[in-house]
Amino acid sequence: MKGGNFQNRIYLDNAATSFPKPQAVIQKTLMGLYNYSGNPGRGGHSVSKDASRAIFSMRLAAADFFQTSREENVIVTGNTTHALNIALKSILRQGQRVLCSNIEHNAVRRVLLCLEKTRDIKIFTFDALLDDSAVLQSIEDGIKRKKASVVVLPHASNICSRILPLEKIGKICRENGACLVVDGAQSAGHVPIFFDDWGIDALCISGHKGLFAPAGIGLLIVSEKFKELEKGSDALITGGAGIDSESPEMPEVYPEHLEAGTLSAPLAMGLEAGIRLVSSIGIKKIAEKEILLGNLAKQIISSRKEAVIYRPDLEGGIVSFNLRGISPERAAEYFDSFGICLRAGLHCAPTAHQSIGSFLEFGGSLRLSAGYFNTPCDIQRFGQVLLSMPLK
Ligand code: PMP
């Protein structure tokens, strides 16, 4: 099996998932598979209890990392998509109004479009690519004038390095009584998040991106307000929860209320190791490195006269661009033939491409997403291949 052979490949697709996984994460996940593979919460014996303890330990680490005082409100999911489905389908009821951005990932967009059909919700949109003060103004307008009771947005875009001013957005939502659902897929591990202080009601994240965990585990962190709004919802995934088995309904207590089915202790251990690694490196240092690599990439890309870079003013590890004369897909194939891994296309966010202007001319973009473990040499190598690429 060739998998895991990282030699001679330069991975610049960290927005899709981080790779390679750090040794600390691999070791902890393996240790979980060896020693903590009992069914958590499904037995009074020591093997089950060990697995439960491993998951509890990750919950505590995540509560601390995302700055929330209630670890029971940290719900284990499969990924961000799963978390967003639970969050949005639990609180958006018949005919309600929701405000979202023009750069949503399909993990939000498709859920809202489905609820538009099935529950007649009304969707309003704000332009997340405007400057911060205009964004804040349009969110306030959306809540006050359009009467949106739920605001859902990506903390950070997966198309360009746009990070929304979440603390201020949280304040506006709190002051105006709206519920704030955050797609944190691209921000967790890259930008600090203060769940309680910022007034977030539902934070949806994946472990496998900026937190370096294996794919298959994510988190939904909820507020007390969310729990009130969710009451009586019929949108939950129901099933075994390890407690209250005689009841026809899911237990009322959290986190079991939203956690039907067996959870993975090995994945939880991998996620905890990732969270601890990010904390020990420091988010500031991670962000600085990504900015450095992103800026270097933009400098190199712009030296090709056919290059179009989208929102080069935004600083961070994600750079979307195109080359006039070649489709993003063919360009990505060319890079791949030299062992350079970039993603091409719409990146599951079609409206974001309409918003940045890459949709009509190119049908998407090439996306370079640098991670903490990339080096300036990786970007230089990417640059050599870029400069050698034949067009037409
Ligand atoms: N939202 C954003 C902004 C993303 O970039 C992604 C992953 N591309 C998701 C949601 C979905 O994440 P996952 O596939 O891990 O559920």
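Read the figures in this text as sums done on the coordinates, not as results from a lab. Keep in mind the model is a prediction, meaning the values are calculated, not measured. So basically every Cβ, Gly included, is an ideal-geometry build from the backbone, and we count neighbours across all protein chains shown.
Okay, here's what the table says:
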quantity: DSSP bridge orientation in the chain - percent antiparallel, rounded to nearest 5; calculated: 50 percent
quantity: The range 146-270 - Rg over Rh from alpha carbon coordinates, Kirkwood radius; calculated: 1.00
quantity: Rounded tilt (10° steps) of 132-144 against the dominant C-alpha axis of the chain; calculated: 40 degrees
quantity: Gain on full stretching of the segment that runs from Thr262 to Glu167 - 0.36 nm per residue minus C-alpha separation; calculated: 30.8 nm
quantity: Normalised alpha carbon radius of gyration of the range 247-329 [divisor 2.2 N^0.38 Å]; calculated: 1.83
quantity: Cβ-Cβ FRET estimate between Ile291 and Leu113, R0 fixed at 41 Å, reported to 0.05; calculated: 0.75
quantity: Between the range 306-352 and the range 214-238, the Cα center-to-center distance that results, in Å; calculated: 35 Å
quantity: Karplus (6.51, -1.76, 1.60) ³J(HN,Hα), θ = phi - 60°, over the range 284-292, in Hz, Gly and Pro reported as x; calculated: 4, 5, 5, 4, 4, 5, 5, 5, 4
quantity: Backbone N within the range 149-169 under 14 Å of label point (7 Å from Glu315 Cα along the Cβ vector); calculated: 161-163
quantity: Distance histogram for the chain (every C-alpha pair counted, 20 angstrom bins, percent rounded to whole numbers); calculated: 28, 56, 16, 0
quantity: By average C-beta atoms within 10 angstrom, highest first, the peptides 246-255, 202-211; calculated: 202-211, 246-255
quantity: Residue among Thr118, Thr262, Thr68 with the largest mean-square fluctuation in a Gaussian network model of the chain, springs linking Cα atoms under 10 Å; calculated: Thr118
quantity: Mean Cβ count within 10 Å, highest first, over the residues of peptides 336-347, 280-291; calculated: 336-347, 280-291
quantity: Förster radius 41 Å - calculated FRET efficiency between Asp132 and Arg330, Cβ distance, rounded to 0.05; calculated: 0.65
quantity: Residue among Met269, Met31, Met58 with the largest mean-square fluctuation in a Gaussian network model of the chain, springs linking Cα atoms under 10 Å; calculated: Met31
quantity: Paramagnetic reach from Ala16 in the range 202-224 [backbone N under 19 Å; point 7 Å along Cα→Cβ]; calculated: 206-217
quantity: Cα extents of the range 226-271 along the three principal axes, largest first (Å); calculated: 34, 26, 16
quantity: Entries of Lys146/Lys284; Lys146/Lys171; Lys117/Lys231; Lys117/Lys171; Lys28/Lys231; Lys28/Lys285 with Cα pairs more than 27 Å apart; calculated: Lys146/Lys284; Lys117/Lys171; Lys28/Lys231
quantity: Extended-chain gain in nm, criterion 0.36 nm per residue less alpha-carbon gap, Cys377 and Glu246; calculated: 41.2 nm
quantity: At 1.002 mPa s and 20 °C, Stokes diffusion of the range 1-104 via Kirkwood alpha-carbon radius, µm² per second; calculated: 122 µm²/s
quantity: Förster radius 45 Å - calculated FRET efficiency between Thr238 and Leu391, Cβ distance, rounded to 0.05; calculated: 0.25
